[in-house]
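The values are calculated or read from the model by the stated rules, or taken from the named source; none is laboratory data. Note that the coordinates shown come from a computational prediction; the quantities given were computed from them, not determined experimentally. As a convention, Cβ positions derive from the backbone with ideal geometry for all residues, glycine included, and neighbour counts pool all protein chains shown.
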Amino acid sequence: MEMEEIDFKVAPESKIKKKPSYIKPWLGLKYLFKKPVTIKIPYEKTQIAEKYRGFHSLDWKKCIGCNFCGQICPARAIEMTWIEVDGKVEKRPHPKIDYGRCTFCQFCVDVCPTGALGFVSNYMLTTEWKDEELELFDWVPIHPDKIKEINEKFPDYRFPVAKIEFNKETKEVTYYLRDGDVFKFKILGYGLRPPAAAKPKPAKIEKKEESPS
Amino acid sequence: MVSQSELIKEARENGMELLPLDKDTYELFFGPQHMATENFSIILKMDGHRVVKAIANPGFLHRGFEKLAELRPWYTNIALLLRICVPEPDVPEAIYSMAVDELMGWEVPERAHWIRTTVLEMARVSAYLFWIMGLSFKLGVYTAGQWAAAYRERLMALFEELTGARVYHIYTIPGGVRRDIPGDKWLRQLKDTVEYIKSKLPDFDHLVFENYITFKRMEGIGVMDKKFALAEGVTGPNLRATGVPYDVRRMDPYLLYPELDFEVPVLKEGDALARALIRRYELEQDLYILEQLLEMGPPSGPYKVQDPRLKNLPRFKVPAGDAFAHVESTKGDFGAYVVSDGGNKPYRVQIRGPSIAHGIRVLEQLLVGARIADVPVILMSLDNCPPDIDR
């Protein structure tokens, strides 16, 4: 086959070709007395980039439950969850993220219209394989300031929650944070539409009663 | 005792084919656990220590990328398609993004062009270092392999700073890139890294490319000629090693490559050694390109297109049409053909990967007559990406 005329630089063969040598391979020995490039984990620490795409954080007050994050998620790891905190139903559903599926692409953070969903540089997904730890990585993220607070105490890039308890009967979830704080809420249901438990809104009913009188 | 002919007859009655036993040869399963094959397997029919017939046995990484891409929104596909080539994930990202840019009719800002070119070249350097690691492990020169891994680590740290991830960057998106350059500090670090790796190239030469063991192991094995290579659709360094000066960066220039100065290495031998030396020279040229890019400096301006349609990404729609974009990766000519029917998901994403040509037909024919110890060397000299074969 004839090639078209070449109008770009082609390297001459003399530059590419090498000559075999019996002595040169021994020059590698000069590194024998130099410091190793490897580091001793866990005695030494690696520096993680500031904007490393790790676990999520969620500002519950900012989240408007638009489900953009759930729609863009390539792994379908996000489920919108209706939540009750201290007897008060949150007005909008919040994303619940399953790290068994998450690919850490963070497109959900990019599309979040209010900037509620964010990420922190914590990335350690390992556990000690205790039964209670296996339920850890499926959570509704907590406030970024709280995670930062925990990170200052434990700078080892681990998950900010030490234990998550889920009561199957009452649907109550308890987060035992690493700094000793306990955070409780109740899951009312999943999906975009409010579940039956979240539907009756006492505030509105009261208003209706008041207006005719 | 049932005779062989009876067994064959019985198998045929049940709709199966049983081949007659050949007492001179034996079958050897090479991979997928074998370190050299990287989730890829070859069934070798051996006569003593010579290969009589080789059958590639891929499929261990099959994830159905192309079909999955039809089920996901346009932007989300970036997080999926980059898994096609793990050592240089920026290439599938770039081709898909370039094709979607063409469909949208976007003019990508200059700063994004500069960042994309830099990221592609960084990916090339890191992929070549990864390849040196693989090759030297297969040749038994473990020291150089460890060095290559250590130097690649520096590039991974830079990628981490820029993109937020070490291996799966998910950085190049349609319309530009996801994040801006972190600052001048990052550019200085990149410059230092390029200089550092450049200063270490002679060490690789001493241990691997000028080593007499390399010449003894690689010279004259896995030879393919020009005609065969062109007929089988071989691209990239493998084609250049047979004497065809084909480089997508020069033949069909994209991004900033028309403005950059570099040499395309071509050798005529077509054996494993020629392929290795071509790659070695390209690593040097890639570092030279990175130096030029750093000298040029990133142009000011936005790093992605400003389009109101980007505010609603889940319902982002691409006008109907089709587009093809391809880039030169370290494996060869990587291309993406994207068809849109105007919806919020692609109608079809077809990836033209180089490894399917290198890893199946070419490998099967090059292995015939090779010694068993040369099988990993030939496999590594072709430098294929198993997930690309299984697409």
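I'm trying to understand the selection: among the residues of region A:138-164, which are over 21 Å from A:P42 (Cβ atoms) and either in a loop (DSSP other than H, G, I, E, B) or not hydrophobic (A, V, I, L, M, F, W, C) (or both)? Passing the criteria: A:D138, A:V140, A:P141, A:I142, A:H143, A:P144, A:D145, A:K146, A:K148, A:E149, A:K163. All of (1) farther than 30 Å from B:D261 by Cα; (2) charged (D, E, K, R); (3) within 7 Å of another protein chain (Cβ to nearest Cβ) hold for A:E13 with one exception: (1). Applying the criterion of at least 2 residues that are modelled with pLDDT under 85 to the strands (runs of 3 or more DSSP E) found wholly in region B:1-80 leaves an empty list. All conditions in (1) touching a Phe, Trp or Tyr at 6+ places or on another chain (Cβ under 9 Å); (2) within 13 Å of another protein chain (Cβ to nearest Cβ); (3) under 23 Å from B:P92 (Cβ atoms) hold for B:A325, with the sole exception of (2). Total residues in region B:173-195 satisfying the condition of being of a type outside the set (A, V, I, L, M, F, W, C) and in contact with a Lys or Arg (Cβ under 7 Å, 6 or more places away or on another chain): the figure is 3. Taken together, B:V177, B:V223 contain a single residue that is touching an Asp or Glu at 6+ places or on another chain (Cβ under 7 Å) and modelled with pLDDT of 90 or more, which is B:V223. Residues in region B:316-349 that are among the charged types (D, E, K, R), outside any strand (DSSP E or B) and closer than 23 Å to B:R124 by Cβ: B:K331 alone. The condition (being under 15 Å from B:A56 (Cβ atoms), under 17 Å from the mean Cα position of the chain (by Cα) and buried (at least 22 other Cβ atoms within 10 Å of the Cβ)) is satisfied by just one residue among B:S329, B:S355: B:S355.
Can you confirm whether region B:117-136 contains a residue that is in a helix (DSSP H, G or I) and more than 30 Å from B:A336 (Cβ to Cβ)? Scanning region B:117-136, I find at least one residue that is in a helix (DSSP H, G or I) and more than 30 Å from B:A336 (Cβ to Cβ), so the answer is yes. Give B:L71, B:L44 a once-over and let me know the one that is in contact (Cβ under 8 Å) with a residue 12 or more places away in the chain, surrounded by fewer than 16 Cβ atoms within 10 Å (Cβ to Cβ) and not hydroxyl-bearing (S, T, Y). One residue alone meets the criteria, B:L71. Checked against (1) assigned to a loop (DSSP other than H, G, I, E, B); (2) more than 14 Å from every other protein chain (Cβ to nearest Cβ); (3) buried (at least 17 other Cβ atoms within 10 Å of the Cβ); (4) over 18 Å from the mean Cα position of the chain (by Cα), B:D101 passes all but a single condition, namely (1). Only one of the numbered conditions (1) free of Cβ contacts under 8 Å to residues at least 40 places away in the same chain; (2) away from every other protein chain (no Cβ under 11 Å) is violated by B:P202, and that is (2). Restricting attention to region B:210-245, the residues being within 12 Å of chain A (Cβ to nearest Cβ) and either in contact with a strand residue (DSSP E or B) (Cβ under 8 Å, 6 or more places away or on another chain) or under 16 Å from B:L135 (Cβ atoms) (or both) number 14.
For region A:134-151, the criterion of being more than 23 Å from A:C63 (Cα to Cα) and either touching a Leu at 6+ places or on another chain (Cβ under 9 Å) or among the hydrophobic types (A, V, I, L, M, F, W, C) (or both) is met by at least one residue. The single condition from (1) crowded, with 19+ Cβ neighbours inside 10 Å; (2) farther than 21 Å from B:T330 by Cβ; (3) more than 13 Å from chain A (Cβ to nearest Cβ) that B:L187 fails is (1). Out of the residues in region A:25-37 meeting the condition of being in a helix (DSSP H, G or I) and either more than 49 Å from the chain's Cα centre (by Cα) or among the hydrophobic types (A, V, I, L, M, F, W, C) (or both), tell me which one is farthest from the other protein chains (Cβ to nearest Cβ). So, considering only residues that are in a helix (DSSP H, G or I) and either more than 49 Å from the chain's Cα centre (by Cα) or among the hydrophobic types (A, V, I, L, M, F, W, C) (or both), the one farthest from the other protein chains (Cβ to nearest Cβ) is A:F33. The residues of region A:81-107 that are in a loop (DSSP other than H, G, I, E, B), crowded, with 20+ Cβ neighbours inside 10 Å and within 14 Å of another protein chain (Cβ to nearest Cβ), listed by number, are A:C102, A:F104, A:C105, A:Q106.
The single condition among (1) hydrophobic (A, V, I, L, M, F, W, C); (2) surrounded by 12 or more Cβ atoms within 10 Å (Cβ to Cβ); (3) away from chain B (no Cβ under 13 Å) that A:F68 does not meet is (3).
State yes or no: is B:L28 of a type in the set (A, V, I, L, M), within 14 Å of chain A (Cβ to nearest Cβ), touching a residue at least 40 places away in the same chain (Cβ under 8 Å) and out of contact with any Phe, Trp or Tyr (no Cβ under 9 Å at 6 or more places or on another chain)?
Details: of a type in the set (A, V, I, L, M): yes; within 14 Å of chain A (Cβ to nearest Cβ): no; touching a residue at least 40 places away in the same chain (Cβ under 8 Å): yes; out of contact with any Phe, Trp or Tyr (no Cβ under 9 Å at 6 or more places or on another chain): yes.
So B:L28 does not fit the description; no.
Among the residues of region B:246-301, those that are of a type in the set (A, V, I, L, M, F, W, C), assigned to a helix (DSSP H, G or I) and within 11 Å of chain A (Cβ to nearest Cβ) comprise B:M251, B:L273, B:A274, B:A276, B:L277, B:I278.
Inspection of region A:56-74 identifies no residue that is of a type in the set (F, W, Y), under 27 Å from A:T170 (Cα atoms), within 14 Å of the chain's Cα centre (by Cα) and outside any strand (DSSP E or B).
Screening A:V173 with (1) free of Cβ contacts under 8 Å to residues at least 40 places away in the same chain; (2) surrounded by fewer than 17 Cβ atoms within 10 Å (Cβ to Cβ); (3) not polar (S, T, N, Q) gives one miss only, at (2).
Considering only residues in region B:104-144 that are touching a Lys or Arg at 6+ places or on another chain (Cβ under 9 Å) and without any contact (Cβ under 8 Å) to a residue 40 or more places away in the chain, the one that is farthest from the other protein chains (Cβ to nearest Cβ) turns out to be B:S126.
Which of the residues spanning region B:162-184 are within 23 Å of A:D110 (Cβ to Cβ), surrounded by fewer than 19 Cβ atoms within 10 Å (Cβ to Cβ) and free of Cβ contacts under 8 Å to residues at least 60 places away in the same chain? Within region B:162-184, B:R166, B:P182, B:G183 qualify.
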